[in-house]
Structures are given as C-alpha cells and as structure tokens.
1. Name the residue, out of Ala32, Ala111, Ala179, whose mean-square fluctuation peaks in a Gaussian network model built on the chain with Cα pairs under 10 Å.
2. Springs between alpha-carbon pairs under 10 angstrom, Gaussian network model over the chain: which of Gly181, Gly165, Gly80 fluctuates most?
3. So how do Val112, Val156, Val51 line up by other beta-carbon neighbours within 10 Å, fewest first?
4. Just the number, please: Stokes-Einstein D of segment 65-194 in µm²/s, Kirkwood Rh from C-alpha pairs, 4 °C, 1.567 mPa s.
5. If the elastic network links every pair of Cα atoms under 10 Å, which of Arg71, Arg91, Arg40 fluctuates the most in the Gaussian network model of the chain?
6. With the crude spin-label approximation of a point 7 Å out along Cα→Cβ, what separation in nm comes out for Arg130 versus Tyr30?
7. Helix 122-131 versus the longest principal axis of the chain: what angle, 0 to 90°, nearest 10, using Cα atoms?
8. Between beta-carbons, use under 12 Å as the cut-off and find the net charge around Val124, counting Lys and Arg +1, Asp and Glu -1.
Amino acid sequence: MNVDSAYGIDLYWLPLGAGGRSVRLNGRVYEAMLARLEKRSPLALYHSAIVVNAPSGCFVIEVTPVANGDRMLRGVVAEGAVGSQWVRRLRVFRYEVRCWRDGTIPDIGEAVESPRHLSDDEEVSEDLLRLVPDVPTLVWGRDERGTGDMWNSNSVISWLITRSGLPVETVHPPTGGRAPGWNAGIVVALREQA
C-alpha cells in the first residue's frame, strides 16, 4: 500500500436525511417501526457515498432522487424506480446513480466516522469507475432478488465495493448505526461473480 499515492477510494457515511427534514423524519419512523417488530432499540440510519481519485479524475459516486437539469453535468449514469416500476414515469418515483466528475456531496460536513479509506490503488480506482454504469437498477425499497434486504443507495455502493474486489466484509456503518440495503448489494454482487 502506497500511503503517498494521490489516488484512492474513500467511503463516507452520511446520516439518512442529512440536509433535509422529510427523509430524516421518514427514516426515523421506519426505523422505530422496524425496531419494535424486531424487539430492539432504534438505531441511527446511514446512507453511503464514495469519492474516487483516479488517473482519469476525481469522481463522486452517490445515489440521489432524480433532479431537474442537465443529467450530464451531474454525471448521471443510470436511473431506477422507487417503490414500483409502474410509477417510474413520475420523476418523484425515480432515483439516479451519479458518477460525477469533480462533483460534491452537499451534506459531507455531516458525515460520521468518515472518510473510510478503502484503497489507494489507481487500478482498483479505475476499475470501480468502469463498474458504475453496470450497477443493477433494481426497484428501491424492494427485495426483487431475494436477498433478505431491500435495494437502495447503500446497495449500489456495497455492490461497487464488492465487484471491485475490495474487502467489503471490513466495512461497517458507524457505531450505533445501520445501513439498510448494504447486504443486498453484497449478495447481488457475489451472485453475479459466481
């Protein structure tokens, strides 16, 4: 491992709904209900994003609601449905996968136990970038592949980490928190590799 390398992959854990009240409130309600069903205390929920510094540039990889404006400027490489394929024609029921050159993570100041440095290998960085357009765009909030976990933004990030060969088993949400969907991405990636 070359610690002087300018290249690398860093993972950020962002509190669910950072920068917005609606998602945060809905996340808390969801977690409170699930915790009650599972007979445990509610935990903080996290959303993940990756920053990749590679020979081809610096890129932010994140999953967000579909925004207005030029998709190319935000580095949109894929879109998926939220809740159901039947409603995906409405923008509010779609998410976008971004691989945004020189992009930003608006709520990065709220990141917890971050960044988590995953690699400083330039080849691995470029490999991960090449994988982004191939990420599955399964329906957000559903378990279409029978993984036991719903598909969401965390699934996309864990899928990328797994498919790029990084040790995903060493990556965990911040202390006292959880990342719904994380396991779904790992399971789907491992099945595809097999």
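Nothing in this text is a laboratory measurement; each read-out follows from the coordinates by a stated rule. Everything numeric here is computed off the predicted structure, so don't read it as measured data. So basically every Cβ, Gly included, is an ideal-geometry build from the backbone, and we count neighbours across all protein chains shown.
1. With Cα springs under 10 Å in the chain, the top fluctuation among Ala32, Ala111, Ala179 is at Ala32.
2. Between Gly181, Gly165, Gly80, it is Gly165 that shows the largest mean-square fluctuation.
3. Val112, Val51, Val156
4. Values: Rh = 15.7 Å.
In µm²/s, the coefficient is 83.
5. Arg40
6. 3.4 nm
7. Approximately 40 degrees, to the nearest 10.
8. Taking every other residue near Val124 into account, the sum is -4.
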